[in-house]
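The values are calculated or read from the model by the stated rules, or taken from the named source; none is laboratory data. What you are looking at is a predicted structure, and each value in this text was computed from that prediction instead of being measured. As a convention, Cβ positions derive from the backbone with ideal geometry for all residues, glycine included, and neighbour counts pool all protein chains shown.
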Amino acid sequence: MDVTSSTLGLLTALGVRYPDLRRFSISINTYDWQEGFLQCLSSLVCKLTRAEHLALHGLDHAMLEHIGRLHTLKSLIVRRPEPLTSDGSSAAQSNDPLFPSLEYLHLDEADAAFTIALVQRMARAPITSITTLISAYPESTYLVDLCAE
């Protein structure tokens, strides 16, 4: 799909017009993200108030923090979430637990450190299934941290 300015405008408008969407899925068939796509997707997702099932192509810090606090979200599928930042910190790192009702998580092409940090923040989630395709092998320090939990 060629992400044009009209497509980006539609994404932004959907969040404003339908904040009560319960199911939303989007994917693009390219590895070359066009300028503005993730920002528009974030704008849409951050307006959703009752989402139960989300399938997203991309996830930034604002989306993570917003949907992570939705008590209605039961399943989340994300392709290519935002990787580690340049200073080595992760958008997933924080002390606040996320996803109080999440039962299913699927991460595709996720950074290993991001995946581990996210799973650690989901300690209170009623997860019954996690599927992940990690894009790189985690460093041993991340594995030690994960196994120590």
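Mind listing just one residue for me: the one in the range 9-32 that is aliphatic (A, V, I, L, M) and closer than 22 Å to Arg50 by Cα and, of those, modelled with the lowest pLDDT?
By that ranking, first place goes to Leu11.
Among the numbered criteria (1) surrounded by fewer than 19 Cβ atoms within 10 Å (Cβ to Cβ); (2) modelled with pLDDT of 85 or more; (3) closer than 20 Å to Ile134 by Cβ; (4) over 10 Å from the mean Cα position of the chain (by Cα), which one does Thr49 miss?
It fails just one condition, (3).
Checking Leu102 against (1) modelled with pLDDT under 95; (2) of a type outside the set (Lys, Arg); (3) touching a strand residue (DSSP E or B) at 6+ places or on another chain (Cβ under 8 Å); (4) surrounded by 15 or more Cβ atoms within 10 Å (Cβ to Cβ), which single condition isn't satisfied?
Failed condition: (1).
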